[in-house]
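Take a look at the structure below.
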Amino acid sequence: MPDAWTYHADPGGFYALASSADGTHLIGAVFGGGVYISTDSGASWTLTATPHDGGEYWTGVSASSDFTHLVAVSYNTDLYDSTDSGATWTDASDLNGFALAASSDGKEVVAAATGSPSGAIERSTDFGATWATTTAPTSYVYGTVASSADGVHLVAGAVPGPILTSVDSGASWSGSNNAPSTSWTSIASSASSP
């Protein structure tokens, strides 16, 4: 079987990545750097117009399947969204967070939000313009989130703590019976809802 991986240098060590459905368009967050876009499957990268003076700890990005709607979140600054594939950005919310996930159309976005001393799972139904706290327990700090393509099935991993799942767009949550309670830093979901 031929080698299917190609090395591409990145602009500074990505903390988070998201992709268009076909993989040709990528968005990457550099912790302590900026938010970058690639339109050639990662062969080259362009710094976006999000704040990037080095003081922003970008930790999460999401992309719609057609790469039109993008959202980027920082641990210590605001959440930004773009409706034109990253050409322009809007400071959409003062939400800080660790991770983002979006439905395939980009309309439904879920965020592992930071708080003091713990966090919450926030949800947007308008491409990241407005946010509401879900019913996920606020006794955990969440390090990762994932979403089905329709935004109905959500998964969140705590740092440290359990994996929680929702089958109703975050209206209710339950713990996983089989996953150990550990520090979850990355999680993924199938596109389809069971």
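Of note:
- Among the residues of region 35-50, those identified as surrounded by fewer than 20 Cβ atoms within 10 Å (Cβ to Cβ) and at negative phi are 39, 40, 43, 44, 46, 47, 49.
- Meets criteria (of a type outside the set (Phe, Trp, Tyr) and either modelled with pLDDT of 95 or more or surrounded by fewer than 24 Cβ atoms within 10 Å (Cβ to Cβ) (or both)) for residue 32: yes
- Some residue of region 35-51 being within 18 Å of residue 95 (Cβ to Cβ), of a type in the set (A, V, I, L, M, F, W, C) and in contact with a Phe, Trp or Tyr (Cβ under 8 Å, 6 or more places away or on another chain): yes
- Flag for residue 115 being modelled with pLDDT under 85 and at positive phi: no
- Across region 1-42, the qualifying residues are those that are β-branched (Val, Ile, Thr) and part of a strand (DSSP E or B), and the one among them that is farthest from the chain's Cα centre (by Cα) is 37.
- Scanning region 1-25 for residues that are closer than 16 Å to residue 100 by Cα and free of Cβ contacts under 8 Å to residues at least 24 places away in the same chain turns up just one, 14.
- Filter pass, residue 168 being within 23 Å of residue 17 (Cα to Cα), acidic (Asp, Glu), part of a loop (DSSP other than H, G, I, E, B) and over 12 Å from the mean Cα position of the chain (by Cα): no
- Single residue of 136, 156 found to be under 28 Å from residue 56 (Cα atoms) and either part of a strand (DSSP E or B) or among the acidic types (Asp, Glu) (or both): 156
- Single residue of 74, 19, 82 found to be polar (S, T, N, Q), under 29 Å from residue 162 (Cβ atoms) and open to solvent by less than 20 Å² (accessible area, probe 1.4 Å): 74
- Which numbered condition residue 162 misses (of (1) buried (at least 23 other Cβ atoms within 10 Å of the Cβ); (2) touching a Phe, Trp or Tyr at 6+ places or on another chain (Cβ under 9 Å)): (1)
The values are calculated or read from the model by the stated rules, or taken from the named source; none is laboratory data. All figures in this text were calculated on a predicted structure; none of them were measured in a lab. For neighbour counting, all protein chains shown are included, and Cβ atoms are generated from backbone atoms with ideal geometry for every residue, glycine included. Just so you know, the surface numbers come from the protein's heavy atoms only, side chains and all, with ligands and any DNA or RNA stripped out. Shrake-Rupley method; radii C 1.70, N 1.55, O 1.52, S 1.80 Å.
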